[in-house]
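Here's the structure, in structure tokens; my notes come after.
The values are calculated or read from the model by the stated rules, or taken from the named source; none is laboratory data. Small disclaimer: the values here were computed from a predicted structure and weren't measured. A quick note on method: Cβ atoms are made from the backbone with ideal geometry, for glycine too, and the neighbour counts reach across all protein chains shown.
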Amino acid sequence: MITTRRLGMASALAAVLALGTVAPAASASVNWANDTFSHCSDSCARGAARGTIVWANRTANVNGSVTDAPGDLHTTVVFDAYAGNTPVDHQTRSATSTTKSYNFPIGDPNLVGGINRILIKVCTTDVFGNEGCNGPYEERRD
């Protein structure tokens, strides 16, 4: 004989088991197109930076290389990450008479909404201390 109590427990157990078989809600996944860049200092013969920006939810990953022509002091590429108009992160990479690769994250993983644009500037400094720059060039998360 089935009592009311046992029937109630069986119904509750069936409800719990049914919840376990329901497919979980799909998590929101946002993908942004990667951006490639190729920028020179005041002259491409003196220095340049090339690479890719892989946008994530709150940060981005920047990989590529900076090249400096022999005879100059160095070429530096500057990356400034922003959330709207608010500066979030600043990174630089340099090379002297060579090509150097880079691969680094930029942004703040704890910033809700994350970064949505990166300004890139490339500067070459000669042995006399004169600096020639181009940029900033803007790359947007879109």
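Among the numbered conditions (1) in a strand (DSSP E or B); (2) surrounded by fewer than 17 Cβ atoms within 10 Å (Cβ to Cβ); (3) hydroxyl-bearing (S, T, Y), tell me where S43 comes up short.
(1)
Answer yes or no: is there a residue in the stretch 87-106 that is in a strand (DSSP E or B), of a type in the set (V, I, T) and surrounded by 21 or more Cβ atoms within 10 Å (Cβ to Cβ).
Restricting attention to the stretch 87-106, the residues satisfying the condition of being in a strand (DSSP E or B) are 87-95, 99-106.
Those left that are additionally of a type in the set (V, I, T): 88, 92, 99, 106.
Next, from what is left, pick out any that are surrounded by 21 or more Cβ atoms within 10 Å (Cβ to Cβ): none.
No, the stretch 87-106 has no match at all.
Can you tell me which residues in the stretch 96-125 are β-branched (V, I, T) and within 23 Å of D42 (Cβ to Cβ)?
Within the stretch 96-125, T96, T98, T99, I118, I120, V122, T124, T125 meet the criteria.
Check whether at least one residue in the stretch 93-110 is free of Cβ contacts under 8 Å to residues at least 60 places away in the same chain, charged (D, E, K, R) and within 11 Å of A49 (Cα to Cα), and report yes or no. If you could, list the steps in order and put the result at the bottom.
Step one: filter the stretch 93-110 for residues free of Cβ contacts under 8 Å to residues at least 60 places away in the same chain, giving 93-110.
Now narrow it down to the ones that are charged (D, E, K, R): 93, 100, 108.
Then drop every residue that is not within 11 Å of A49 (Cα to Cα), which leaves 93, 100.
Yes, there is a match, as at least one residue in the stretch 93-110 is free of Cβ contacts under 8 Å to residues at least 60 places away in the same chain, charged (D, E, K, R) and within 11 Å of A49 (Cα to Cα).
Collect the residues in the stretch 53-86 that are part of a strand (DSSP E or B) and free of Cβ contacts under 8 Å to residues at least 40 places away in the same chain, keeping them in residue-number order.
V54, G64, S65, T67, A81, Y82, A83, T86
Working only within the stretch 57-73, note down all residues that are modelled with pLDDT of 95 or more and not basic (K, R). Steps first, please.
Restricting attention to the stretch 57-73, the residues satisfying the condition of being modelled with pLDDT of 95 or more are 58-68.
Matches in the stretch 57-73: T59, A60, N61, V62, N63, G64, S65, V66, T67, D68.
What number of residues within the stretch 89-125 satisfy the criterion of being in contact with a strand residue (DSSP E or B) (Cβ under 8 Å, 6 or more places away or on another chain) and farther than 20 Å from D35 by Cβ?
Of all residues in the stretch 89-125, those in contact with a strand residue (DSSP E or B) (Cβ under 8 Å, 6 or more places away or on another chain) come to 89-109, 111, 113-125.
Add one more test, that the residue is farther than 20 Å from D35 by Cβ, and what stays is 94-100, 123-125.
Residues meeting the conditions: 10.
With more than 20 Å from N134 (Cβ to Cβ), under 15 Å from the mean Cα position of the chain (by Cα) and hydrophobic (A, V, I, L, M, F, W, C) as the only criterion, which of V78, V54, V62 stands out?
Exactly one of V78, V54, V62 is more than 20 Å from N134 (Cβ to Cβ), under 15 Å from the mean Cα position of the chain (by Cα) and hydrophobic (A, V, I, L, M, F, W, C), namely V54.
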